[in-house]
1. I'm checking a number: the convex hull volume of the Cα atoms of the range 167-274, normalised per residue, in Å³. What is it?
2. Under a 5 Å amide H to amide H cut-off, with H placed in plane at 1.01 Å, what residues pair with residue 221 once short-range neighbours are removed?
3. Which one of 338, 30, 306 has the biggest mean-square fluctuation once the chain is modelled by GNM with Cα springs under 10 Å?
4. Considering only 39, 12, 207, give the residue with the highest GNM mean-square fluctuation for the chain, with springs between Cα atoms whenever their separation is below 10 Å.
5. Mean-square fluctuation check for the chain, GNM, Cα pairs under 10 Å: which of 290, 140, 112 is largest?
6. Can you tell me the orientation of helix 286-298 relative to the chain, as the angle in degrees between its alpha-carbon axis and the longest Cα principal axis, to the nearest 10?
7. Which shape class, rounded, prolate or oblate, goes with the range 294-343 when its Cα gyration tensor gives a ≥ b ≥ c as root eigenvalues, a/c under 1.5 marks rounded, and past that a/b bigger than b/c marks prolate?
8. Note the full-extension length gain between residue 343 and residue 183 as 0.36 nm times their separation in residues minus their Cα-Cα distance, in nm to one decimal.
Amino acid sequence: MNEELKRRIGERRAAVDGELIALSNALHADPELGWQEHRSSAAVADLLAAHGFAIEQPYLGLETAFRAVCNPGAGFTVGFLAEYDALPGLGHACGHNLISAMSAGGAIGLSEVAREAGITVEVIGTPAEEGYGGKIELLERGAFTELDFALMAHPAPVDVAEAEPFAVAHWHIQYDGRAAHAAAYPERGVNANDAFIIAQTAIALLRQQLPKSVRVHGVQTRGGEAPNAIPERTEGRWYVRAETTEQLLELEQRVLKCFEAGALATGAKLTVTPEGGRYSEMRTDLEAQELYRANAIRLGRDFDVDPVAATMNRASTDMGNVSLIVNAIHPYIGVGGDASNHQPAFADACVGAVAEQTLRDGATALAWTALDVALGRS
Ligand SMILES: [Zn+2]
Ligand SMILES: [Zn+2]
């Protein structure tokens, strides 16, 4: 029965390939940042509505989130997660346009057999993955609890079945000092930019004592207004990453001390504001992961990749938080070429013939995996 259902899923997906590619291209051509994905989320939801899904948008009070449901009330509920936010200045350099198209294509393919397989098929549109934790916001509002299994595939340089994301905290940093004429009355100033210099120097020195498995990185987004005015306010965005939330909490305290050092030395006031909830490590459903790998190999995907290239997939994802309450997988799927995520060339790689094959394979592999999991567990 499985084989017959899989054949029909593949055929249904193939029948909508043109629409999936058009969706992916449209998102790519019109990148929207986290929490502002109005056109993108509507485009994904519209496609699903056209294929028989009932749409709820806004979802749980979030304008750019949605839920699409097909065959409600069946015994087993599968949720395909769709991300669609882009990066400032880099467009779709993380390939979230393909995530949306793969999840929509997987869900439409699976919907073909939903009734006889006893599956409720959902797509949850999850905004703001790039740093603002849209899925965490959704979790706090009660999302995902109805799911028996959640899945998505993320574009990457090469195919890697297992996600090993870092836990991460995202901080907005602000120093407030006092402006003064830099030549006439410098002694009246409190230099909020020097505070950043001290903090960054302290972090750079701290690295010597940090384990290899953590990451601390950021950008200063405001450094001052004029060379002849002592900077009164400076701002930045910093990420701290570790293997687990537990390790992260410890590391955060050490990095905070570096920012406090900037304030202490200059007299500027420090304000640290989280930009969203902490992303956790991932608890992968290993059995489902191996089903995905087998399905993807059957479609011609290659997991026998250079181990160095494979480690480039280590980032962070708010899917980690979802995986703590729902069985979940988050495999990476290759788009070819030399570029890696968050490079302009990676955005280029997320459209075109190779990306379209990635889309087709990813959609089918996800749908087949969801079917295998549902039939094996319901
Ligand atoms: Zn990214
Ligand atoms: Zn991403």
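Just so you know, all these numbers are worked out from the coordinates, no wet-lab data involved. Note that the structure is predicted; figures quoted are calculated from it, not measured. So basically every Cβ, Gly included, is an ideal-geometry build from the backbone, and we count neighbours across all protein chains shown.
1. Details: hull volume 9.0 nm³, N = 108.
About 83 Å³ per residue, rounded to a whole number.
2. Under 5 Å from the amide H of residue 221: 235, 236, 237.
3. Of 338, 30, 306, the most mobile in the Gaussian network model is 306.
4. Largest GNM mean-square fluctuation: 207.
5. Highest fluctuation of the listed residues: 140.
6. That works out to roughly 70 degrees.
7. On the way: a/c = 2.42, a/b = 1.28, b/c = 1.88.
Oblate is the answer for the range 294-343, as a/c is 1.5 or above yet b/c matches or exceeds a/b.
8. Details: separation 160, 0.36 × 160 = 57.60 nm, distance 4.12 nm.
Contour length minus Cα-Cα distance gives 53.5 nm.
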